[in-house]
Each structure stands twice: as structure tokens, then as C-alpha cells.
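Let me begin by presenting the structure, written as C-alpha cells, before commenting on it.
The values are calculated or read from the model by the stated rules, or taken from the named source; none is laboratory data. Just so we're clear, the structure is a prediction, and the values are computed from it rather than from any experiment. Here the Cβ positions follow ideal geometry from the backbone for every residue, glycine too, while neighbour counts run over all protein chains shown.
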There are 2 protein chains.
Amino acid sequence: MALDESWFTETVDKTGTAFSLKLGERVHAEKTPYQEIAIYRTASFGYLMTIDGCTMVSTRDNFLYHEMMSHPALHSHPDPRDVVIVGGGDCGTLREVLKHPQVRRAVQVEIDERVTRLSEQYFPELCASNGDPRATLYFGDGIAWMKQAPAASLDLVIIDSTDPVGPAEGLFGRKFYVDCLQALRPGGLLVQQSESPLLHLELIVDMHRAMRQAGFAQTRLLHFPQPIYPSGWWSASIAQKTAGGLAQRLEPAAIAALDTRYYNAQTHAAAFAVPNFVAQALAAG
Amino acid sequence: MALDESWFTETVDKTGTAFSLKLGERVHAEKTPYQEIAIYRTASFGYLMTIDGCTMVSTRDNFLYHEMMSHPALHSHPDPRDVVIVGGGDCGTLREVLKHPQVRRAVQVEIDERVTRLSEQYFPELCASNGDPRATLYFGDGIAWMKQAPAASLDLVIIDSTDPVGPAEGLFGRKFYVDCLQALRPGGLLVQQSESPLLHLELIVDMHRAMRQAGFAQTRLLHFPQPIYPSGWWSASIAQKTAGGLAQRLEPAAIAALDTRYYNAQTHAAAFAVPNFVAQALAAG
């Protein structure tokens with residue numbers, strides 16, 4: 001059947017796929033200096049924010065993405081004190097990061113302040129920790145921010161950006177990774193959303209290569225379900241400044257205290273289980 | 001944007017979601033005594049078979065479903081010799097089952113012979129093992145077949161059916177599970193596709209309850225990505241005739257010999273990692 005305007009549809013011509021959510025109605029739309037943002041009330045996923053026609057965040061399923069962009073990387077670092085989130089304007093990743101008592105400073109560097117203001121309005125639960133004294137909401141260019149970051153001042157860089165086209169393109173390249181590397185302390189980690197293992201495997205391989213070319217010692221992939229993103233299967237890539245195994249800080253009491261809906265010690269390990277076809281592509285890359 | 005007829009779209013009104021694949025063209029359509037089957041050539045997923053408007057199998061991503069409906073359950077049984085597949089007419093699950101040298105007999109009980117004949121034509125790779133001397137392709141009603149199955153004659157029942165509406169509805173209830181239980185040997189397992197953890201959690205809870213009410217000692221959930229199914233995140237449920245831990249037959253050489261694209265020892269374990277919100281629902285159910 002054909003879909004009419006009572007659905008929000010994100011079509012991805014390159015992958016020949018589309019995902020739709022029944023509306024509701026569009027409750028907000030604006031063109032910022034950076035992008036077009038819209039907010040919809042959907043029939044079954046709560047609110048949906050889109051940027052340039054791509055699904056960004058929904059009330060119902062954002063917990064998957066936000067938990068898996070933060071907790072696996074935080075528990076893979078022995079002592080993550082200083083964290084920066086590049087992008088992440090909906091503040092959901094920031095909220096998860098601040099659940100970790102070790103974190104003493106978390107800076108969210110979002111280029112488009114309107115994303116955050118709209119999130120405060122339509123996704124207030126994601127902004128619940130914006131007033132945390134450890135949090136800084138900085139609105140500006142992540143690439144410029146990272147270039148001037150003091151050397152060895154960060155433990156974890158989380159790149160929670162839109163797709164590698166438009167404003168976020170520069171966040172997926174060797175030059176930016178070099179700046180991240182110098183801003184990280186020894187043992188530091190970078191984690192970046194890296195699209196769908198099924199649909200964007202070539203991009204994932206390119207990203208890992210660029211991370212290593214930038215000087216990162218090792219890269220890892222993790223993956224998790226994310227229904228509103230293309231294919232419903234999403235990934236993040238971790239780059240390690242220093243070679244060696246990742247920390248596995250999986251104390252039951254600390255994990256229980258996170259009060260997560262998807263993440264636990266089992267799903268932490270599960271996220272790092274690399275399917276054969278992905279392992280083969282990464283090994284060949 | 002609205003989607004026109006150059007896309008195949010499966011809409012699920014109840015969940016307010018839709019998934020679309022760019023076409024290609026429709027290369028076949030027929031109404032059988034049981035259902036409407038169509039075959040499309042898609043732009044990026046190879047061929048797509050649909051039944052009653054629902055995506056069933058695509059060339060590109062069926063490996064996820066077929067591997068995860070078979071290998072985790074087969075490796076959870078200490079010695080799976082006699083296997084029956086209820087449904088599974090595309091023969092992809094049968095092909096995976098027959099990769100296991102322990103299996104001495106695999107019967108595929110598909111109600112609609114046309115599904116298999118069309119799979120032979122458009123998905124010949126899935127039918128590559130149909131001539132295996134251990135395989136029997138039986139076309140008939142799975143419920144009736146199970147009712148007359150000799151007691152304690154099977155080690156593994158795989159229910160690889162369409163959604164629990166229409167012809168497959170009877171495969172999701174206590175009565176059918178009772179018949180499966182009596183047909184299983186001690187230590188036997190039933191594994192059934194159980195829809196999306198995000199969208200159909202209530203159904204999953206109901207299924208596990210019905211399995212236990214039928215007399216199965218224990219139930220488990222496993223999950224995996226499946227992009228063409230609603231939400232892109234799918235599950236299977238295992239019911240154990242006998243209480244206790246599942247066998248973990250994960251010998252590296254045996255797993256390598258399966259020549260799988262998603263499945264390996266890591267993804268085996270990952271599939272059984274139950275997210276908190278699912279564990280809570282199952283515990284309350």
C-alpha cells in the first residue's frame with residue numbers, strides 16, 4: 001500500500017529502505033541556521049524529533065540508543081572523570097553519562113541550541129539532569145571545540161551526531177579524530193555512533209580505518225537495536241588511545257544503580273559480540 | 001514524504017509503524033487456498049517474499065533470522081537428532097538445521113506448498129539442502145501433524161511461522177504446545193519465533209505463560225536483528241521440556257563449520273542477554 005501524509009516517513013534512497021511512524025500531527029517545525037527540525041506527535045512512539053527529514057529521537061525507543069552510547073564506553077574506561085559529548089543536543093546521552101558517580105565533568109557541545117530547547121519542551125525526561133552541577137551545555141561547533149581542547153584533558157569523547165552528511169560530516173574524518181586523540185588522556189576512549197551494520201558496513205570499515213590512521217591504537221564495534229533508525233539495527237564504534245583490553249567495570253550494584261531499561265552486564269557483553277560478516281569486513285578493512 | 005507504489009510497504013496499524021523497500025517490480029503474485037503470496041524484486045534487498053502483505057523473507061537479510069532460529073536452539077540441546085520445523089516453507093531454516101551433523105532427520109511441515117515452490121524459484125540458495133537424504137518436505141497442517149506425532153520422538157521443534165493471526169494462529173496457543181511437549185523426548189526443546197521485544201512484549205509474555213501452562217518446565221528468550229520485520233528487532237522463545245540449564249555446545253570447530261554470517265559463539269551468548277525491561281515483563285508474567 002502507499003503511505004499518505006498521516007505517516008512520517010524517512011526514506012533512504014541509497015539503501016532502498018524507509019521507516020514510517022503513524023501520526024498524530026506535526027506539532028512544531030522550524031528552520032535553524034543549521035538544519036530543519038520538526039516535532040511530531042506519533043500514534044505509538046510518543047513524540048518524534050526529526051532533523052532534515054531523518055528520525056532523531058522518539059519518546060518510546062530512545063532509551064536503547066542513549067543507554068548504549070554511554071554505559072558500555074563508560075564501563076570500558078577504568079576511571080572516566082572528564083567526558084565530552086559532541087552533538088547529543090537532545091540531552092539524553094548527557095543524562096545517562098551523569099548517572100555515573102565517577103564523572104566529575106560532562107560537557108555537551110551541540111552546534112544547534114534549538115535542538116536542546118525543543119528537547120526541553122518535548123522530551124523533558126531527557127533533560128532531567130541538565131541542571132546537574134557537573135554538566136555544561138555549550139552551544140557551538142564541535143570541531144572547533146575539540147581543536148582548542150587542552151591536551152590530555154579528557155577521558156571519554158562521545159560523538160552523538162547526525163549522519164555523516166551535512167553539519168556532522170566533519171565529525172567522521174581523520175582530522176577530527178586527531179584532535180580528539182590529543183585531547184584524550186592516556187587510556188582515553190572515543191565512542192561514535194556508526195550507523196547500521198547491515199546497511200552501512202562500508203562506512204563502519206572506513207571509520208575504523210580513519211580512527212587508526214589518526215593514531216588510535218585499536219577500534220571495537222558494538223551494536224544494539226534502534227527501531228526508528230534505518231534497518232532497526234545500529235552500532236557505535238570505540239577507538240582506544242592506548243592498546244589493550246577494555247576495562248570491564250561491571251559491578252552489579254553500580255549497574256543496578258543506573259536504572260536502565262536495556263543496559264545490564266549481559267547486554268554490555270552482548271553489544272560487543274561481533275557477527276561473522278562484520279568481523280570479516282573489519283579484518284579486511 | 002508520502003510513499004508511492006514504487007515501494008513495497010508493510011504497515012502495522014496496531015504498532016503504528018511501517019517498513020518499506022524500494023522496488024524493483026512485483027514479479028509474482030498468487031492467491032493460494034491459505035494466503036496471498038507475492039514476490040518482488042527490490043532495489044537493494046534482492047528478492048522479497050510477502051504473505052498477506054507482510055514481509056517474510058528477503059535475499060539480503062534472511063541469514064539473520066534463519067541462523068538465529070536454528071543454531072542457538074540446536075547448540076542448546078545436548079544431542080539433537082530428530083528435528084521438526086513447523087512452517088518454514090522457504091526452506092532457509094531447514095538448510096541451517098541440516099548443517100548440523102548430529103541431526104539425522106529433519107521434517108519441514110509447511111501448510112502451503114506454494115511457499116516452497118516459489119522459494120525454489122526465487123530463493124534457490126535457501127533450498128540448497130532440500131535434497132539432503134535426512135530431509136523430508138511434508139505439506140500439510142502443522143497442528144494435525146503434531147497431534148499424531150509419536151510420543152517422545154523428537155528432540156527439537158522449531159516453529160517458524162507467520163504472525164499469530166490467520167493460518168498460524170493455532171501455533172501460538174497452549175493446546176498446540178501440549179502436543180509439542182508430548183512429541184518431545186526428555187530434554188527436548190521447542191523454539192518459536194516470538195515477534196519484536198519492543199512492539200510485542202505482551203505477546204511474548206503470553207507465549208511464555210502458555211508454554212509453562214502446557215507443561216514446559218522453563219522458557220527463555222533470545223533476540224537478534226531482523227531489519228525487514230517490524231522494528232528491525234526480533235525474538236525467539238525457547239521452551240524446555242526438562243528444567244535446568246541449557247546445553248552450551250559451542251566447540252569452535254563445529255561453529256566454524258556452519259559457515260554462518262551472523263552466528264558464532266559470541267552472538268550465541270549475546271542472543272540470550274535479556275534487556276532489563278524484557279526481564280521485568282517476563283518475571284511479572
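Details
- Residue satisfying condition, being surrounded by fewer than 24 Cβ atoms within 10 Å (Cβ to Cβ) and of a type in the set (A, V, I, L, M, F, W, C), within set A:Val115, A:Val103: A:Val103
- Top-ranked residue of region B:146-199 - restricted to ones that are within 18 Å of the chain's Cα centre (by Cα) and of a type in the set (Val, Ile, Thr), ranked as surrounded by the fewest Cβ atoms within 10 Å (Cβ to Cβ): B:Val165
- Some residue of region A:103-124 being in a loop (DSSP other than H, G, I, E, B), closer than 27 Å to A:Pro186 by Cβ, without any contact (Cβ under 8 Å) to a residue 60 or more places away in the chain and in contact with a Pro (Cβ under 9 Å, 6 or more places away or on another chain): yes
- Residues located in region B:42-65, provided they are in contact with an Asp or Glu (Cβ under 8 Å, 6 or more places away or on another chain) and within 11 Å of chain A (Cβ to nearest Cβ): B:Phe45, B:Gly53
- When the residues of region B:1-17 are filtered to those that are touching a helix residue (DSSP H, G or I) at 6+ places or on another chain (Cβ under 9 Å) and more than 8 Å from every other protein chain (Cβ to nearest Cβ), the one that is farthest from B:Met49 (Cα to Cα) is B:Val12.
- All positions within region A:230-253 that are surrounded by fewer than 17 Cβ atoms within 10 Å (Cβ to Cβ) and of a type in the set (A, V, I, L, M, F, W, C): A:Ala243, A:Ala247, A:Leu250, A:Ala253
- Subset of region B:242-273 [touching a strand residue (DSSP E or B) at 6+ places or on another chain (Cβ under 9 Å) and away from chain A (no Cβ under 12 Å)]: B:Thr242, B:Ala243, B:Gly244, B:Leu246, B:Ala247
- Test: residue in region B:202-220 that is surrounded by fewer than 18 Cβ atoms within 10 Å (Cβ to Cβ), of a type in the set (A, V, I, L, M) and assigned to a loop (DSSP other than H, G, I, E, B): yes
- Restricting region B:257-280 to residues that are without any contact (Cβ under 8 Å) to a residue 12 or more places away in the chain and over 22 Å from the mean Cα position of the chain (by Cα), the residue that is surrounded by the most Cβ atoms within 10 Å (Cβ to Cβ): B:Asn276
- Number of the condition not met by B:Asp163 [criteria: (1) of a type in the set (Asp, Glu); (2) closer than 28 Å to B:Ser196 by Cβ; (3) modelled with pLDDT of 95 or more]: (3)
- Scan of region A:18-34 for residues that are more than 9 Å from chain B (Cβ to nearest Cβ) and either touching a residue at least 40 places away in the same chain (Cβ under 8 Å) or within 14 Å of B:Val12 (Cα to Cα) (or both), ordered by number: A:Val27, A:His28, A:Glu30, A:Thr32, A:Pro33, A:Tyr34
Every residue, every condition in (1) in contact with a strand residue (DSSP E or B) (Cβ under 7 Å, 6 or more places away or on another chain); (2) over 30 Å from B:Leu258 (Cα atoms), yes or no:
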| site | (1), (2) |
| --- | --- |
| B:Val27 | yes, yes |
| B:Gly46 | yes, no |
| B:Thr55 | yes, no |
| B:Phe63 | no, no |
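- For region B:221-239, a residue qualifies if it is among the polar types (S, T, N, Q) and assigned to a helix (DSSP H, G or I), and exactly one does: B:Ser231.
- Summed over region B:118-145, the residues that are surrounded by 21 or more Cβ atoms within 10 Å (Cβ to Cβ) and polar (S, T, N, Q) give a count of 1.
- Residues (among the acidic types (Asp, Glu) and either over 13 Å from B:Arg134 (Cα atoms) or part of a helix (DSSP H, G or I) (or both)) located in region B:81-102: B:Asp90, B:Glu96
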